[in-house]
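Here the structure is laid out as structure tokens; the discussion comes afterwards.
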Amino acid sequence: MAHHGLRFGIFLAPFHRLGDNPTLAIRRDIEMIEWLDYLGYDEAWIGEHHSAGWEIIASPELIIAAAAERTKNIKLGSGVTSLPYHHPYMVAERFAQLDHMTRGRAMLGCGPGALVSDAYMLGIDPMTQRRRMDEALDAIMALLACEEPVTMKTDWFEMREARLHLRPWSEPHFDIAVASTMTPAAPQSAGKHGLGILSLGAGLPGGPEAVAGQWRIAEEAAAKHGKTMDRKKWRLVVTMHCAEDDELALQQVRAGERRETVDYFTEALGRPPGRSEDPLRDGVAAGTTLVGSPDLIARGIERLIQLSDGGFGGLMFRATDWANREDTWRSYEMFARYVMPRFQNQVSMQAASYEWAKANRKTVFSPNVEALRKAYTDAGVKPPEEFAARALGARDADKK
């Protein structure tokens with residue numbers, strides 16, 4: 001990208017309430033990725049889920065392929081592909097193909113699978129999911145090396161002299177990131193292969209304070225395996241909604257946040273409800289939820305950078321239906337207009353030029369009034385009265 005600084009994007013699970021027309025919801029998701037591409041966002045990560053009613057995208061790859069044909073610059077990743085659900089050879093093949101189809105805009109996000117109900121339907125013991133993810137990732141990285149044919153056998157997949165049919169379009173391969181919540185397992189997996197990290201835990205209570213420790217775990221694992229970690233490939237995931245002022249932003253999302261938290265996370269997934277009387281406002285205060293004016297959100301991002309103890313490369317916003325479509329799309333536009341430039345070094349030259357003009361208005365620019373007066377005099381025309389008044393005002397101001 002041409003700019004320098006943080007990358008911004010979305011993490012699209014997606015979260016669509018039960019009863020919302022799923023055909024329209026999927027179309028709206030793709031339209032929103034087009035809107036984000038137009039606004040200059042850098043990335044969109046699309047989830048894979050198979051149960052519980054709300055997160056209705058089963059194949060991120062299909063959304064990536066469709067969105068890639070409708071966009072120009074935005075990178076498109078799986079957020080995430082649940083590796084234990086797939087033969088690793090097929091994952092590597094599909095993303096190598098997407099890498100060609102998108103000319104390097106496809107990214108692979110890896111995870112063990114978030115919904116126990118998905119694993120149950122597939123006959124997978126949840127206790128094996130993390131190990132299986134690691135085994136699949138080992139296999140995928142061996143295939144992407146495009147060196148020797150890969151022969152590998154585990155208790156759930158086998159490869160015999162396997163090699164990719166297509167070498168990836170990107171050199172050495174497309175972007176890969178491992179999803180991390182709060183345990184050390186994901187940073188260790190990322191470190192083993194020197195991959196990126198998607199820190200989903202940054203949006204959980206206590207998450208922002210824990211992210212620096214997670215990164216250190218990844219760096220230690222990388223050192224042990226002769227790899228290096230790159231902070232530019234580290235993304236934090238939080239919730240964001242931007243409006244003209246803090247109270248308006250809260251008002252726009254309050255009902256949607258309650259619906260998602262109660263109907264989905266508590267009732268369907270059985271996660272313990274928050275003990276807080278006002279979890280939304282408390283989340284904003286804790287910095288795990290960025291809901292408010294551009295200034296409040298910018299301060300929240302500054303705090304996340306500080307807590308990361310060295311910075312990170314990207315901030316992804318958990319795409320929600322907390323607000324209605326119009327307010328949601330406007331939120332992304334307001335963020336792109338008034339917050340994004342502060343973290344991408346896009347307005348520093350304008351700001352410097354403005355300050356220079358302001359500081360020199362009495363010296364560099366004051367002769368301008370006399371030049372205008374002379375133009376009237378030379379032409380033998382009397383200046384209009386309002387010009388004379390303005391000129392006198394400017395002259396008096398210069399004397400002060």
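Coordinate-derived values only; no laboratory data. Keep in mind the model is a prediction, meaning the values are calculated, not measured. Reconstructed Cβ throughout: ideal geometry from the backbone, glycine too, with neighbour counts over all protein chains shown.
A few comments on the model shown:
- Relative exposure of His165, His87, His16, judged by other C-beta atoms within 10 Å (fewest first): His165, His87, His16
- The spacing between region 100-114 and region 269-302, judged by their C-alpha centroids, is 29 Å.
- Qualifying lysines (Cα of each under 17 Å from Cα of Lys358; at least 8 residues distant if same chain): Lys399, Lys400
- Applying a threshold of 30 Å to the alpha-carbon distances of Lys153/Lys232; Lys72/Lys192; Lys72/Lys232; Lys75/Lys153; Lys72/Lys153 flags Lys153/Lys232; Lys72/Lys192; Lys75/Lys153; Lys72/Lys153 as lying beyond it.
- Three-way shape label, region 18-119, alpha-carbon gyration tensor, a/c 1.5: oblate
- Across region 103-119, computed HN-Hα scalar couplings (Karplus, 6.51 cos²θ - 1.76 cosθ + 1.60, θ = phi - 60°) run 6, x, 9, 8, 9, 10, x, 10, x, x, x, 8, 9, 4, 5, 5, 4 Hz from first to last residue, x flagging Gly and Pro.
- Relative to the Cα centre, the charge distribution of the chain, modelled as +1 at Lys and Arg Cβ and -1 at Asp and Glu Cβ, gives a dipole magnitude of about 1220 debye.
- Look at Asp29, Asp230 and count the other Cβ atoms within 10 Å of each Cβ; fewest to most, that gives Asp230, Asp29.
- Here the chain is scanned for GluC sites (Glu not before Pro) in DSSP loops (not H, G, I, E, B) that have at most 14 other Cβ atoms within 10 Å, and the longest stretch holding none of them is 278-400.
- When the chain is treated as a Gaussian network with alpha carbon springs shorter than 10 Å, the biggest mean-square fluctuation among Gly123, Gly113, Gly77 belongs to Gly123.
- Residue with peak Gaussian network fluctuation, the chain [Cα springs, cutoff 10 Å], from Ala285, Ala221, Ala68: Ala285
- Gyration tensor verdict on region 1-65 (Cα atoms; rounded if a/c is under 1.5, prolate if a/b is larger than b/c, oblate otherwise): prolate
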